[in-house]
Amino acid sequence: MAHRSTEHPSENDRKDALDKQPGYAWVIMSMLWSMDIINVIIFSSVGVLIPIWREDLGVTPLQAGLLGSAGFLGFGLMALPSSIWLTRYNPAIVTFVCVSFMGVASLLHSIATNVYIIIAARFIFVLMSVSRIQMQVLFIPLWFASRLYATVNSLDFTVRHVGQTVGFALVPLVVIALGNWRIFYAVLGISLLILAIIWIVFQKRPEGQSGIEDASANIGNPIRVLITHKSLWLVSFAQSGAAITFGAMLTFYPSFVIDRLGISVATAGMMMGVFSIGSIFGSMVSGPMSQFIGLRKPFVWLPGILLPISYFVLIQSQSFMLSCVLLFLAGVLAMAVPPVLATIPLDMRLHPRQVAVSLGLTRTLFPVSATLGTMFVGIVQQNTESLLLGLAIVSPMPITLFLCGIMLPETGKNIS
């Protein structure tokens, strides 16, 4: 019966229609990617703003850990529930509501008078953000032919890393130029509200489509896909160890490198921008390359070997240039993985709601793991006054990519 849930008469019609790839698909994705960029700028700005908040708001190491973990925890709490419940409704309307609340949450950052208001605003922002991203998953199989799944996923992650690059490299410069970090959040909040209006005016469905929610009635509870296809757990658990290290590095490496190399906040932000440039390269190349060679697994297990080495050498480095090279390499390796893992459920010809559940599980385990890594390093620093110790302990954790990657079934051969 599980097989029938993935095939519908209307779905066959949709596949035929998508052989003629609709050009408006790129308009839809451009609007969603614009939201992504602002989303990631806000999410990733915390690490480079913590040194400023230390002086302005008196942020402690433990509070810094809470700031980092609040975002990841919000993702972890909402990703799977939103993939089960919210995907039953019109994804365009849900997207509009979520983006509107994201704008309000960003504005709340701008009026915060203490760190706990920022933590609360960040948590609300991320709850809405992950719900919106789960809707974005549905638009890919709705608008694109299967031959473009890996490429669109690569573009999806690439755009987010462009936002991350801006968040790391340019936010400190912009905040310093403005002389006020509050204006920064206010401008982004207003931008999100404007994007919400643009979205609700210009979004539409492909011609001849009755909508995902109509076809979903035949699949029952989409969470059953996690029982039917146990390999999806490997897809999700693969990044759990990498997330521990990623969360800790994202939050604490700017402060660590400022103290270790004696550089400015702006320079630390530029260094994190190098990591994001590597991320852009990795996410942009991995999907098309995986599609070209017809293999997914090597793009998962190989980073699982190289990432722990890269992170460990990075935190030992006392050279600015070597650190930048290692940051670029770590970015390439870390972000070559997500587009490929996100494509595997699509290779399996799952229903869009089942794909959303699969990615919802990943987006639960990844941020929960990142939360643990961030809190762990914050606690170690609070008790030992050593960031190096905490970062050294979490640096080998991406080995989970190797362990799960070698056990994954190879779905690249299913490409049609």
Theoretical FRET efficiency, 1/(1+(r/R0)^6), r = Cβ-Cβ of ARG182 and ARG147, R0 35 Å, to 0.05: 0.15
I need to check one value: relative contact order of the chain, counting alpha carbon pairs closer than 8 Å and at least 6 residues apart, in percent. 28 percent
Of LEU361, SER323, ILE28, farthest towards positive along the dipole that unit charges on Lys, Arg, Asp, Glu beta carbons give the chain: LEU361
Full extension between VAL104 and VAL174 adds, at 0.36 nm per residue less the Cα distance, a length in nm of 23.1 nm
Calculated on alpha-carbon atoms, Rg and Dmax of the range 190-330 in Å: 21.0, 60
Student exercise, the chain dipole from Lys, Arg, Asp, Glu Cβ charges, in Debye to nearest 20: 440 debye
What size of dipole, in debye to the nearest 20, comes out for the range 259-384 about its Cα centre when the only charges are +1 on Lys and Arg C-beta atoms and -1 on Asp and Glu C-beta atoms? 340 debye
For the range 38-84, rounded, prolate or oblate, judged on the Cα gyration tensor with a ≥ b ≥ c (square roots of eigenvalues), a/c < 1.5 rounded, else prolate if a/b > b/c? oblate
Estimated FRET transfer efficiency (ILE200, ILE111; beta-carbon r; R0 30 Å; 0.05): 0.70
Name the residue from ALA392, ASN221, GLY282 whose Cα lies farthest towards the positive end of the charge dipole of the chain, charges +1 on Cβ of Lys and Arg and -1 on Cβ of Asp and Glu. ASN221
Cα centroid of the range 338-396 to Cα centroid of the range 26-67, whole Å: 17 Å
On the formula 1/(1 + (r/R0)^6), with r taken between the Cβ atoms of GLN21 and ILE305 and R0 of 41 Å, the FRET efficiency rounded to 0.05 is 0.65
What are the DSSP H helices in the chain that stretch 20 Å or more along their long axis, judged by alpha-carbon atoms, and whose average Kyte-Doolittle hydropathy comes to at least -0.5? 24-57, 61-85, 91-110, 115-143, 149-165, 181-202, 240-261, 265-293, 298-316, 320-347, 352-384
Where only alpha carbons of the range 319-386 are counted, the Rg and the Dmax (Å): 17.2, 50
What helix-only [θ] at 222 nm does the chain give? Using -39500 (n - 2.57) per DSSP H run of at least 4, over all residues, to the nearest 500, the answer is -26500 deg cm²/dmol
Taking only Cα atoms of the chain, the Rg to Rh ratio with Kirkwood Rh works out at 0.96
For MET289 and ASN90, calculate 0.36 nm times their separation in residues minus their Cα-Cα distance, and state this gained length in nm to one decimal. 68.3 nm
Could you tell me which of ILE41, GLY76, PRO298 has its Cα farthest along the dipole of the chain towards the positive end, charges placed at Cβ (Lys, Arg +1; Asp, Glu -1), taken about the Cα centre? PRO298
Whole-number value, in Å³ per residue, for the convex hull of the alpha carbons of the range 95-174 is 100 Å³
In nm, to one decimal, how far is the modelled label at THR228 from the one at GLN316, with both set 7 Å along Cα→Cβ? 4.9 nm
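Each reported figure results from applying straightforward, stated rules to the coordinates on display, with no laboratory input. Since we're looking at a predicted model, the values are computed, not measured. All Cβ positions, glycine included, derive from the backbone under ideal geometry; neighbour counts span all protein chains shown.
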